[in-house]
Amino acid sequence: MASSWTPERRARQAALIRTWAPWQQATGPRTPDGEATASRNAHKGGHWLMLRELARMVNAEVKAGRDLVNAIPR
């Protein structure tokens with residue numbers, strides 16, 4: 001169960017964090033691979049719908065191919 005902080009505790013924590021100044025030690029990515037990874041942090045996807053449509057198109061082509069094969073007299 002989470003307890004909520006009092007305004008006094010919140011102010012004390014804020015003051016402590018200002019003394020630590022963690023934002024001054026932040027360096028960000030240091031290598032090209034790290035920069036490439038960080039550049040994708042905001043990417044939320046969006047490929048699901050495109051892949052679903054592609055699957056529908058492939059399935060339609062497969063069905064059309066089967067229909068052609070079944071239309072050949074034997």
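The values are calculated or read from the model by the stated rules, or taken from the named source; none is laboratory data. In this text the structure is predicted, and so the values were computed from the model without any measurement. Here Cβ is always computed from backbone atoms with ideal geometry, including for glycine, and neighbour counts include all displayed protein chains.
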Task: Residues located in the range 13-36, provided they are more than 23 Å from the chain's Cα centre (by Cα) and hydrophobic (A, V, I, L, M, F, W, C) - done: ALA14, ALA15, LEU16, ILE17, TRP20, ALA21, TRP23
Task: Condition check for TRP5: surrounded by 10 or more Cβ atoms within 10 Å (Cβ to Cβ) and at pLDDT below 95 - done: yes
Task: Check on ALA26, of a type in the set (A, V, I, L, M, F, W, C), in a loop (DSSP other than H, G, I, E, B), out of contact with any Pro (no Cβ under 7 Å at 6 or more places or on another chain) and free of Cβ contacts under 8 Å to residues at least 24 places away in the same chain - done: yes
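Tally the residues that are assigned to a loop (DSSP other than H, G, I, E, B) and of a type outside the set (Lys, Arg), restricting the search to the range 40-74. Break it down stepwise before answering.
Start the filter on the range 40-74 by keeping residues that are assigned to a loop (DSSP other than H, G, I, E, B), which leaves 40-46, 72-74.
Retained after the next criterion (residues that are of a type outside the set (Lys, Arg)): 41-43, 45-46, 72-73.
The number of residues fulfilling the criteria is 7.
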Open item on the list: Here are the criteria: (1) surrounded by 10 or more Cβ atoms within 10 Å (Cβ to Cβ); (2) part of a loop (DSSP other than H, G, I, E, B). Tell me which single one THR37 does not satisfy.
Closed with: (2)
Open item on the list: Can you confirm whether ALA11 is surrounded by 10 or more Cβ atoms within 10 Å (Cβ to Cβ) and at negative phi?
Closed with: yes
